[in-house]
Amino acid sequence: MKISCSNLVKTYEGGKSGWPALRGVSFDIHKGEFVAVTGPSGCGKSTLLNIIGLLDEPSSGKYEFDGRNVLAMSDGERSDARRDSIGFVFQSFHLLNRLSSLENVCLPMRYAGVDAAEMKKRASGLLHKVGLKGKERKTPLELSGGERQRVAIARALANSPKVILADEPTGNLDSVSSRDIVDMLFALNAEGMTVVLVTHDREISARAGRNIRLRDGRIE
Ligand SMILES: Nc1ncnc2c1ncn2[C@@H]1O[C@H](COP(=O)(O)OP(=O)(O)OP(=O)(O)O)[C@@H](O)[C@H]1O
Ligand SMILES: [Mg+2]
């Protein structure tokens, strides 16, 4: 697994003209790395993560994900790659409140066509792994913020991704839960998972193996 970006530019339609969100960003991320993406609000962190995660496309530049030229892939190929290889964790959890935590974790596997029994077994194993044994039937609204984010991490792991992308996953959490979530991401990295984490927290970025610092759409 390797992420290779070269000269990425992103201009949003309807965004401030002449001021792209990304202005020529190049870097590689290798398997097993823990990379923190940092920088002031508006510098392009989420834009970059969305591109890395195949949720959005750059306006120009080159992006290779796992040896494949992303810009040459069809929409279908991109969404397959996203489903099979990328686990997302967002600041606001993005869980479905009408589903139980077990069902939330099952969802990516359902899209991947995993059979029902296997899906449930894996989902409960993952919830156990993130410390939520016994909370399988709770819906997100019955869980604390930290617990919701653990469900989101379990869901991110559902299809055994090659990389976890987390955009300020502790932004809505108190300091104790934040610590918990960050420790969990580092533990996954210690097991070999590649992790890319957007954070404003200096303590967290200091723990990462490497920092990518953005300012005004460029790497500092
Ligand atoms: N969908 C969009 N349409 C137009 N402009 C956008 C869009 N998304 C982001 N932008 C602009 O692109 C720039 C980078 O935004 P981005 O969300 O990547 O910043 P960020 O570093 O993640 O900020 P924060 O730390 O506040 O989350 C900003 O100027 C923002 O206003
Ligand atoms: Mg952001």
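Please treat every number below as a calculation from the coordinates, not as lab data. Just so it is clear, the model here is predicted, and its values are computed rather than measured.
Remark on Arg218: its backbone amide H falls under 5 Å from those of Arg23, a criterion applied only to residues 5 or more positions apart or on other chains, H modelled at 1.01 Å from N.
Within the set Lys31/Lys62; Lys62/Lys129; Lys138/Lys162, which residue pairs have Cα atoms separated by over 26 Å? Let's see the in-between values first.
Numbers: Lys31/Lys62 19 Å; Lys62/Lys129 37 Å; Lys138/Lys162 28 Å.
From Lys31/Lys62; Lys62/Lys129; Lys138/Lys162, over 26 Å: Lys62/Lys129; Lys138/Lys162.
Across all directions, the shadow cast by the convex hull of the stretch 60-134 built on its C-alpha atoms averages 7.0 square nanometres. Working note: Karplus 6.51/-1.76/1.60 with θ = phi - 60° gives the stretch 38-50 the couplings 10, x, x, 3, x, 7, x, 4, 5, 4, 5, 5, 5 Hz, where Gly and Pro are set to x. Axis angle, to the nearest 10 degrees, between helix 175-190 and the longest C-alpha principal axis of the chain: 80 degrees.
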